[in-house]
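First up is the structure itself, then whatever we jot down about it.
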Amino acid sequence: MIGSKAMLAIVAVLGLGAGGVAIQQGVFTRTPPTDATAKALLPVTITSANGAHVFQVERATTAAEQARGLMYRTDLKPDGGMLFAPYPAEGGGPREANFWMKNTPTPLDILFIRADGTIAIIAENTVPFSETPVPSREPVAAVLELVGGRAADLGIAEGDRVTWAK
């Protein structure tokens, strides 16, 4: 059994260690994140019948980033999202995709994008935490996830063009 003085020493060391990590990451010092700690946002434009809609999205380019996607996220902004490009991350050209909402608490609109940049399928307001596959139904080269309902709110439709700096 650990004595009370030993327990206090352990708690003090753990507290100082956590404080050191927080200071190192800029939590208490209000130091802005550096390029190494913050992922740059990528502007993605969807051109629809009623004009251009620009989103500032994160980019998932590795297999690990694509596997995680927007899981666990509750901080999504209406003009944010995530672009999976190239899809799949390991390359090999367009292929059919199946996404799911496992561990994803926010409904999403999942836009499956053909190699020519047009939207093939929009899966609107996908069900949070669902493990049911959401299929592209045809080969795609990229996938864009937006906050659920944004496609309908903005009049974005299948066939609309999606562009970003490659």
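The values are calculated or read from the model by the stated rules, or taken from the named source; none is laboratory data. Computed from a predicted structure; not experimentally measured. Cβ sites come from the backbone with ideal geometry, for glycine too, and all protein chains shown count toward neighbours. The area values use the complete protein model at the heavy-atom level, side chains included, leaving out ligands, DNA and RNA. Shrake-Rupley method; radii C 1.70, N 1.55, O 1.52, S 1.80 Å.
For the structure I just gave you, tell me whether Ser136 is crowded, with 21+ Cβ neighbours inside 10 Å and of a type in the set (S, T, N, Q). Here the answer is yes, as Ser136 does meet what is asked.
Please determine whether any residue of the range 32-41 is assigned to a strand (DSSP E or B), modelled with pLDDT of 95 or more and either on the phi < 0 side of the Ramachandran plot or open to solvent by 90 Å² or more (accessible area, probe 1.4 Å) (or both). Give the derivation first.
Filtering the range 32-41 down to residues assigned to a strand (DSSP E or B) leaves none.
Checked the range 32-41: no residue is assigned to a strand (DSSP E or B), modelled with pLDDT of 95 or more and either on the phi < 0 side of the Ramachandran plot or open to solvent by 90 Å² or more (accessible area, probe 1.4 Å) (or both).
Would you mind stating whether Arg68 is among the basic types (Lys, Arg) and in contact (Cβ under 8 Å) with a residue 12 or more places away in the chain? When the stated conditions are applied, Arg68 does not pass them.
Of all residues in the range 86-120 being in a loop (DSSP other than H, G, I, E, B) and among the hydrophobic types (A, V, I, L, M, F, W, C), which is nearest to Leu76 (Cα to Cα)? Please lay out each step first, then the result.
Step one: list which residues in the range 86-120 are in a loop (DSSP other than H, G, I, E, B), which gives 86-94, 96-97, 100-107, 114-117.
Applying the additional criterion that residues be among the hydrophobic types (A, V, I, L, M, F, W, C) yields 89, 97, 100-101, 115.
On the way: Ala89: 23, Ala97: 23, Trp100: 17, Met101: 15, Ala115: 26 Å.
If we take residues in the range 86-120 being in a loop (DSSP other than H, G, I, E, B) and among the hydrophobic types (A, V, I, L, M, F, W, C), then Met101 is nearest to Leu76 (Cα to Cα).
Condition check: of a type in the set (D, E, K, R) and either open to solvent by less than 10 Å² (accessible area, probe 1.4 Å) or touching a helix residue (DSSP H, G or I) at 6+ places or on another chain (Cβ under 9 Å) (or both). Does Asp116 satisfy that? For Asp116, the condition - of a type in the set (D, E, K, R) and either open to solvent by less than 10 Å² (accessible area, probe 1.4 Å) or touching a helix residue (DSSP H, G or I) at 6+ places or on another chain (Cβ under 9 Å) (or both) - is not met. Could you tell me whether the range 141-158 includes any residue that is over 14 Å from Val44 (Cα atoms), at pLDDT below 95 and open to solvent by 10 Å² or more (accessible area, probe 1.4 Å)? No, that holds for no residue. Across the range 45-75, the number of residues qualifying as surrounded by fewer than 20 Cβ atoms within 10 Å (Cβ to Cβ) and closer than 15 Å to Pro107 by Cβ comes to 5.
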